[in-house]
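To keep things clear, I will list the structure first and then write my remarks on it.
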Amino acid sequence: MNPESSTLYVQSLATGIAVLDAFTAERASMSLPEIAAAAGITRSAAQRFAFTLEALGLLNKDPVSKRYSLSSRTLDSGCRYLESHALLDRANPFLLELNRNAGETVNLAEPAGQDMIYIGRFPSPLRLLVHMPVGRRIPMYCSSTGRVYLAGLRDDEAYEALAASDRVKYTANTLTDVDALMAQVREAREQGYAYCKEEYYRGDLALAVPVHDLNGRVVAGLQLSVSAAKWTVKRALSRFIPMMQETARQISTSPPTPRPLAPYGGGAARDLHAQPPGRTRD
C-alpha cells in the first residue's frame with residue numbers, strides 16, 4: 001500500500017519536509033522560485049511554506065537578497081537522535097579507544113535506505129583525508145560498511161538492494177556490476193570483514209567489520225579509514241582487523257548504559273551501578 005493514499009498521511013507536513021530537504025550543499029540558499037522548482041511545488045505554496053518555516057526558526061531569510069537558507073535549528077532533531085541512540089551511546093567509549101590505539105579515523109555507520117549513514121566519528125589525530133561529518137551518507141554498494149551490512153542479509157535480499165541502487169562510478173576503482181558486488185558481499189560474509197580501496201574517495205582505504213545486536217543481527221558497520229598511499233591492503237588488514245573485530249565484539253555484547261535504561265525505571269539501570277559481590281560502599 002502506498003502510504004500517500006492513507007487517510008493518516010499528512011500531505012502538508014510531507015511538503016514542508018520536502019522544502020527543507022530541497023536545500024543541499026549545491027543549493028545552500030534559494031529564492032522562492034528556486035524553492036518551488038526544487039521541491040516540486042507552486043510558487044505560492046513555496047511562499048507559504050518558506051514563511052512558516054522561517055517563523056518556526058528552521059529557515060533564515062536574507063534581508064537584502066530575500067534568499068532562504070537552512071538555520072542552525074535544523075540540527076536539533078539530528079542532535080537529539082544521536083543523544084538518544086542506545087547503540088551509539090554504548091559504542092562511543094570503544095570507538096574512542098580504537099581511535100587512540102590505531103591512530104586512524106574510526107566511524108560507526110548504520111543503514112538508511114540504500115545508504116550507510118555515519119552516526120559516530122573519531123578523526124585521526126595525524127591526518128584528515130576527507131571531511132566526513134556525522135550525518136553524511138555513502139551508498140552501500142561502494143562502502144565497506146555497506147558491504148558488511150549486506151553480508152548480514154540473505155543473498156536474495158542483498159542482491160535486491162544492490163540491483164535497486166543507482167550505482168554511480170565515483171572513481172576508476174568503483175565496482176558497479178551487481179554480480180561482482182555480490183562476490184564481494186559473499187567474501188565479506190565468509191571472512192567477517194570488508195574493505196574498499198578508493199571506490200568512493202581517491203586515496204582512501206576503508207576497512208569495516210559488522211556490529212551485531214543481541215540476536216546476532218547486523219545493525220551497523222564499524223569502519224577504520226587509512227591512507228591508500230601509506231598502507232597496502234594486506235598490511236592494513238593484518239594490522240587493524242583484529243583490533244576492529246575486538247572493538248565490534250565489545251560494542252555488540254556490552255550491556256546498555258544507564259541513560260538508555262532510565263525510562264524503564266530502577267531495576268536494570270540501578271543494577272549497573274551496584275557494587276560487585278562482596279564489596280561494600282565506602
Semi-axes of the range 1-55 from the Cα gyration tensor (sqrt of 5 times each eigenvalue, largest first, whole Å) come to 22, 12, 10
Dividing the helical contributions, -39500 (n - 2.57) per DSSP H run of n ≥ 4, by the residues of the chain yields a 222 nm value, nearest 500 deg cm²/dmol, of -13000 deg cm²/dmol
Please give me, ordered by residue number, the chymotrypsin sites (Phe, Trp or Tyr not before Pro) of the range 146-178 that lie in loop per DSSP and have at most 16 other Cβ atoms within 10 Å.
Tyr170
When the accessible area of the range 12-76 is computed with all protein chains present and a 1.4 Å probe, what percentage of it is carbon and sulfur?
57 percent
Checking the range 1-102 for GluC sites (Glu not before Pro) in a loop per DSSP with at most 13 other beta-carbon atoms within 10 Å yields Glu26
1.4 Å probe accessible area per residue over the range 61-149, in Å²
49 Å²
Loop-resident sites, the range 102-201, for trypsin sites (Lys or Arg not before Pro), counting at most 16 other Cβ within 10 Å (DSSP)
Arg127, Arg136, Arg154, Lys169
Roughly speaking, to the nearest percent, how much of the range 143-245's 1.4 Å accessible area is carbon and sulfur?
48 percent
Length gained when the stretch Ser227-Asp76 is fully extended (0.36 nm per residue, less Cα-Cα span)
51.0 nm
Taking N as the number of residues in the range 20-112, the ratio of its alpha carbon radius of gyration to 2.2 N^0.38 Å works out to 1.51
Pull out the extension gain between Val134 and Glu157, defined as 0.36 nm times the separation in residues minus the alpha carbon to alpha carbon distance; nm, one decimal.
5.6 nm
Averaging over all projection directions, find the projected area of the Cα convex hull of the range 158-258 and quote it in nm² with one decimal place.
7.7 nm²
What dipole magnitude, in Debye to the nearest 20, does the chain give about its Cα centre under +1 on Lys/Arg Cβ and -1 on Asp/Glu Cβ?
780 debye
What fraction, in whole percent, of alpha-carbon pairs in the range 85-253 exceed 24 Å separation?
26 percent
Let me know the volume per residue of the alpha-carbon convex hull for the chain, in Å³.
217 Å³
Compare the peptides 100-110, 210-220 by average per-residue count of other Cβ atoms within 10 angstrom and give them in order, highest first.
100-110, 210-220
Against the globular-protein guess of 2.2 N^0.38 Å, express the Cα radius of gyration of the range 93-146 as a ratio, rounded to two decimals.
1.14
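The values are calculated or read from the model by the stated rules, or taken from the named source; none is laboratory data. These numbers come from a predicted model, not from an experiment. When we count neighbours, we look across all protein chains shown, and the Cβ atoms used for this are built from the backbone with ideal geometry, even at glycine. Surface accessibility is based on the protein's heavy atoms, side chains included, excluding ligands, DNA and RNA. Shrake-Rupley method; radii C 1.70, N 1.55, O 1.52, S 1.80 Å.
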